[in-house]
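Have a look at the structure below, then the notes.
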Amino acid sequence: MALKESKVLERYFDTIAPGYETMNSLLSLNLDQRWRQRMIQILHSYNPKTILDVACGTCDVIRVTKSRLPEAQIIGLDLSYGMLEVAKSNQPELLILRGNGVELPFPDNSFEAITIAFGFRNMPSHKSFLLEAKRVLKSGGHLCILELTQPENPFFRFCNSLYLRTVLPIVSGFFGRDKEAYEYLANSIRHFPNQKSIISLILESGFAKARYELQTFGVTTLFVAECS
Ligand SMILES: C[S@@+](CC[C@H](N)C(=O)[O-])C[C@H]1O[C@@H](n2cnc3c(N)ncnc32)[C@H](O)[C@@H]1O
């Protein structure tokens, strides 16, 4: 893996960490909370007792998961110290550690579920992450990936693309955040493979089943995979 690429990403996320949650709500018109809620609703239906949240950032996912599954043991992992510091200052009791999603520091068969919200796209290799997720999941375990995607419908795709090219850099620039970091994010959404390709990759990585559901016309997609 591109160590250099990881370092650049780490720096981007360190830079935007202090205002990350506010910017997220602003840029998504508060839809980000609803998107995460849907992922956690599905996770809840599996009632996992051990959960790993990869690319946990400031731990929005963990916060909601804890309220829905209070008995579950949840660990968060992220590359950026900046993001983890914000998480720790908000919730000092959280179990979080710094690490790379493509080299998970856990033994095989450790978790009943893995969640990753808006972080899969940033993995240096999607396949390496999926193989690692499969390795640390127990048999019958579930992987829930929530990701910003391009709508399948050409009209909504065009609108989304326009938004990424215009609104996102203007708003992030206006609030004084690292414009380069948000440009990187916009590019990574544009270049992210389509939903069907991701499903094929998940199955190629050894998961027994995989499906997806579009949210807000496909601006985000929730992928759910199950280990045999
Ligand atoms: C857009 S944020 C998402 C944070 C959080 N999951 C949420 O729902 O808001 C993406 C996160 O992925 C992390 N990240 C990027 N590459 C990573 C990697 N290779 N391994 C672990 N975390 C990574 C970043 O540091 C950042 O916190």
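The values are calculated or read from the model by the stated rules, or taken from the named source; none is laboratory data. Quick caveat: nothing in here was measured; it's all calculated off a predicted structure. With ideal geometry, Cβ positions are generated from the backbone for all residues, glycine too; neighbour counts draw on all protein chains shown.
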Within the set of pairs 6 or more residues apart or between chains, which connect a residue that is under 18 Å from Leu203 (Cα atoms) inside segment 109-137 to a residue that is modelled with pLDDT under 95 and assigned to a helix (DSSP H, G or I) with Cβ atoms less than 8 Å apart?
-> Arg121/Ser188; Arg121/Ile189
Subset of segment 117-173 [small (Gly, Ala, Ser), touching a strand residue (DSSP E or B) at 6+ places or on another chain (Cβ under 8 Å) and within 16 Å of the ligand (Cβ to nearest atom)] | Ala117, Gly119, Ala133
Across segment 137-190, what is the number of residues that are closer than 25 Å to Leu43 by Cβ, under 18 Å from the mean Cα position of the chain (by Cα) and at pLDDT below 90?
-> 3
Answer yes or no as to whether Pro92 is surrounded by fewer than 22 Cβ atoms within 10 Å (Cβ to Cβ) and under 21 Å from Leu148 (Cα atoms).
-> no
Would segment 52-65 turn up any residue that is closer than 20 Å to Gln215 by Cβ and of a type in the set (S, T, N, Q)?
-> yes
Members of segment 27-75 that are surrounded by 16 or more Cβ atoms within 10 Å (Cβ to Cβ) and assigned to a loop (DSSP other than H, G, I, E, B) = Ser28, Pro48, Ala55, Cys56, Gly57, Thr58, Cys59, Leu69, Ala72
Kindly list, by first and then second residue, each pair from a residue in segment 191-212 that is within 13 Å of His142 (Cα to Cα) and touching a residue at least 12 places away in the same chain (Cβ under 8 Å) to a residue that is surrounded by 13 or more Cβ atoms within 10 Å (Cβ to Cβ) and basic (Lys, Arg), limited to pairs with Cβ atoms under 6 Å and residues at least 6 apart or on different chains.
-> Gly206/Lys134
